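Student: Sharing a structure, written as structure tokens. Questions coming.
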């Protein structure tokens with residue numbers, strides 16, 4: 001069964017000035033969110049394959065939406081992250097089934113490469129619950145300038161039997177990075193870490 | 001900083017766009033989803049921290065900001081101008097500002113969207129309070145975006161939510177299109193910022209069914225009915 005999507009949301013957050021300093025080009029972070037039915041709401045189900053398949057579907061859909069909203073070539077994506085909020089009638093493992101087994105591959109395809117782990121967060125929540133979607137560089141998790149987070153929140157979701165699934169993609173790091181660490185220019189991009 | 005700003009007046013720190021497709025709300029899935037969008041610009045408030053009597057200069061300075069935001073919102077929604085059926089606007093003023101600073105958005109925000117959608121009135125005259133914003137009754141539609149753009153505003157902390165009202169662009173009383181979209185920019189407004197917001201939608205509430213004036217029955221073309 002494909003995801004039964006009630007709402008699909010796409011946001012772009014563009015920072016032009018931070019602490020009085022012009023950011024040129026601006027940093028831009030995109031967020032795509034799907035509000036879906038939880039097919040396992042209200043009961044314990046041992047095998048979560050249906051949600052795993054939904055995760056695979058949403059990894060591509062939401063990744064593509066982020067890239068389209070940024071108006072960039074897939075290879076120009078720099079960092080990414082994912083998160084899910086399970087409504088009250090679901091369990092945390094439902095979020096894990098969406099996020100972890102199969103969401104990554106189509107997301108990596110959407111952003112060109114993606115050697116690095118896709119950082120994630122999950123929680124149970126109600127209407128308007130916010131989740132901070134962690135962001136890390138897509139090819140090297142240790143790139144310090146790209147450690148960040150973007151807040152995802154849907155005013156009328158999740159209902160008890162819904163799940164909010166969010167994918168974030170950026171074309172940049174933080175606006176004014178200056179705390180050292182591994183730089184983008186130093187990425188090897190093979191082991192996903194450096 | 002403040003002196004420089006009063007001179008330049010406009011300093012845009014962040015631009016936040018939001019587009020959503022609503023397929024259903026637990027009723028029949030719509031053939032075409034309702035698309036709603038909002039754009040929020042986070043500006044430095046040049047009047048933060050003190051009482052300034054003469055704030056109207058900023059209203060004029062906001063004119064190109066409104067026009068650019070309306071265009072960007074339409075582009076982000078990726079629909080034609082003709083597809084826009086409702087609109088609204090709002091402002092969230094940071095804690096070192098006052099509600100009146102948010103009111104600066106009424107003319108530049110509202111008329112930017114109305115002009116984008118085909119309104120042919122005299123914005124300059126209205127801005128000076130010389131004419132009514134309400135259209136003269138007519139037996140047929142001669143222009144678009146006849147209705148007043150509904151608005152809300154508040155003073156709020158970073159991440160404050162604002163329920164931005166939406167109503168039909170040609171007749172405020174069209175009941176199917178009474179709606180609101182919650183807009184919120186994480187981290188804004190800081191004390192010395194103002195978030196100015198525009199919102200548009202492509203149609204009625206997804207399962208509208210409480211009667212009243214229908215868009216198809218607009219007849220007076222006075223912006224109300």
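Student: Just the residues that are at the interface with another protein chain (Cβ under 10 Å from one of its Cβ atoms), part of a strand (DSSP E or B) and in contact (Cβ under 8 Å) with a residue 40 or more places away in the chain, please, taken from the stretch A:142-161.
Tutor: Pass one, the stretch A:142-161, residues at the interface with another protein chain (Cβ under 10 Å from one of its Cβ atoms): A:149-156, A:159, A:161.
Subset that is part of a strand (DSSP E or B): A:149-153.
Passing the criteria: A:149, A:150, A:152.
Student: Could I ask something else about it? Would you say residue A:116 is crowded, with 23+ Cβ neighbours inside 10 Å, part of a strand (DSSP E or B) and away from chain B (no Cβ under 14 Å)? Explain how you work it out, then say what you get.
Tutor: On the way: crowded, with 23+ Cβ neighbours inside 10 Å: yes; part of a strand (DSSP E or B): no; away from chain B (no Cβ under 14 Å): yes.
No.
Student: Go through (1) over 24 Å from residue A:170 (Cα atoms); (2) at pLDDT below 95 and name the single condition residue A:90 misses.
Tutor: With respect to (1) over 24 Å from residue A:170 (Cα atoms); (2) at pLDDT below 95, residue A:90 is out only on (2).
Student: On to the next question. Given the criteria surrounded by fewer than 17 Cβ atoms within 10 Å (Cβ to Cβ) and either touching a residue at least 24 places away in the same chain (Cβ under 8 Å) or more than 9 Å from chain B (Cβ to nearest Cβ) (or both), does residue A:56 qualify? Please lay out each step first, then the result.
Tutor: Working: surrounded by fewer than 17 Cβ atoms within 10 Å (Cβ to Cβ): no; either touching a residue at least 24 places away in the same chain (Cβ under 8 Å) or more than 9 Å from chain B (Cβ to nearest Cβ) (or both): yes.
It is false that residue A:56 is surrounded by fewer than 17 Cβ atoms within 10 Å (Cβ to Cβ) and either touching a residue at least 24 places away in the same chain (Cβ under 8 Å) or more than 9 Å from chain B (Cβ to nearest Cβ) (or both).
Student: Something else about it: Do any helices (runs of 4 or more DSSP H) lying entirely in the stretch B:91-209 carry at least 1 residues that are buried (at least 20 other Cβ atoms within 10 Å of the Cβ) and free of Cβ contacts under 8 Å to residues at least 60 places away in the same chain, and which ones are they? Steps first, please.
Tutor: On the way: elements: B:99-103, B:106-116, B:123-127.
Per the criteria, B:106-116.
Student: If we scan the stretch B:52-60, do we find a residue that is surrounded by fewer than 19 Cβ atoms within 10 Å (Cβ to Cβ), in a helix (DSSP H, G or I) and within 18 Å of the chain's Cα centre (by Cα)? Lay out the reasoning, then the answer.
Tutor: Filtering the stretch B:52-60 down to residues surrounded by fewer than 19 Cβ atoms within 10 Å (Cβ to Cβ) leaves B:52-57, B:59-60.
With in a helix (DSSP H, G or I) added as a condition, the list becomes B:56-57, B:59-60.
Now drop any that are not within 18 Å of the chain's Cα centre (by Cα), which leaves B:59-60.
For the stretch B:52-60, residues surrounded by fewer than 19 Cβ atoms within 10 Å (Cβ to Cβ), in a helix (DSSP H, G or I) and within 18 Å of the chain's Cα centre (by Cα): present.
Student: Name the residue, out of B:30, B:38, B:83, that is in contact (Cβ under 8 Å) with a residue 60 or more places away in the chain and away from chain A (no Cβ under 14 Å).
Tutor: Working: B:30 fails: away from chain A (no Cβ under 14 Å); B:38 fails: away from chain A (no Cβ under 14 Å).
So the residue among B:30, B:38, B:83 that is in contact (Cβ under 8 Å) with a residue 60 or more places away in the chain and away from chain A (no Cβ under 14 Å) is B:83.
Student: Anything in the stretch B:61-90 that is within 21 Å of residue B:183 (Cβ to Cβ) and in a loop (DSSP other than H, G, I, E, B)? List them, or say none. Before the answer, list the steps.
Tutor: Of the stretch B:61-90, the ones within 21 Å of residue B:183 (Cβ to Cβ) are B:62, B:65-79, B:83-90.
Listed by number, the residues that qualify are B:62, B:78, B:79, B:84, B:85.
Student: Checking residue B:77 against (1) closer than 22 Å to residue B:206 by Cβ; (2) free of Cβ contacts under 8 Å to residues at least 40 places away in the same chain, only one condition comes out false. Which one?
Tutor: (2)
Student: Only one residue in A:32, A:69 is within 9 Å of chain B (Cβ to nearest Cβ) and either buried (at least 17 other Cβ atoms within 10 Å of the Cβ) or within 30 Å of residue B:44 (Cβ to Cβ) (or both), so which one is that?
Tutor: Details: A:32 fails: within 9 Å of chain B (Cβ to nearest Cβ).
Every option except A:69 fails the conditions.
Student: Among the numbered conditions (1) surrounded by fewer than 23 Cβ atoms within 10 Å (Cβ to Cβ); (2) farther than 18 Å from residue B:116 by Cβ; (3) at the interface with chain A (Cβ under 10 Å from one of its Cβ atoms), tell me where residue B:16 comes up short.
Tutor: With respect to (1) surrounded by fewer than 23 Cβ atoms within 10 Å (Cβ to Cβ); (2) farther than 18 Å from residue B:116 by Cβ; (3) at the interface with chain A (Cβ under 10 Å from one of its Cβ atoms), residue B:16 is out only on (1).
Student: Can you give me the ranges of the strands (runs of 3 or more DSSP E) entirely in the stretch A:1-89 with at least 3 residues that are closer than 23 Å to residue B:77 by Cα? Full working, then the answer.
Tutor: Working: elements: A:5-18, A:21-37, A:79-86.
It comes to A:5-18, A:21-37.
Student: Is it true that residue B:49 is in a loop (DSSP other than H, G, I, E, B), more than 12 Å from chain A (Cβ to nearest Cβ) and over 20 Å from residue B:202 (Cβ atoms)?
Tutor: Details: in a loop (DSSP other than H, G, I, E, B): yes; more than 12 Å from chain A (Cβ to nearest Cβ): yes; over 20 Å from residue B:202 (Cβ atoms): yes.
It is true that residue B:49 is in a loop (DSSP other than H, G, I, E, B), more than 12 Å from chain A (Cβ to nearest Cβ) and over 20 Å from residue B:202 (Cβ atoms).
Student: Please enumerate the residues belonging to the stretch B:8-27 that are assigned to a loop (DSSP other than H, G, I, E, B), within 17 Å of residue B:197 (Cα to Cα) and in contact (Cβ under 8 Å) with a residue 40 or more places away in the chain.
Tutor: Initial filter on the stretch B:8-27 (assigned to a loop (DSSP other than H, G, I, E, B)): B:9-11, B:23-27.
Checking the rest, the ones that are also within 17 Å of residue B:197 (Cα to Cα) come to B:10-11.
B:10 - this is the single residue of the stretch B:8-27 that is assigned to a loop (DSSP other than H, G, I, E, B), within 17 Å of residue B:197 (Cα to Cα) and in contact (Cβ under 8 Å) with a residue 40 or more places away in the chain.
The values are calculated or read from the model by the stated rules, or taken from the named source; none is laboratory data. Computed from a prediction, not measured in an experiment: that's the story for all the values here. Ideal geometry is used to build each Cβ from the backbone, glycine not excepted, and the neighbour counts take in all protein chains shown.
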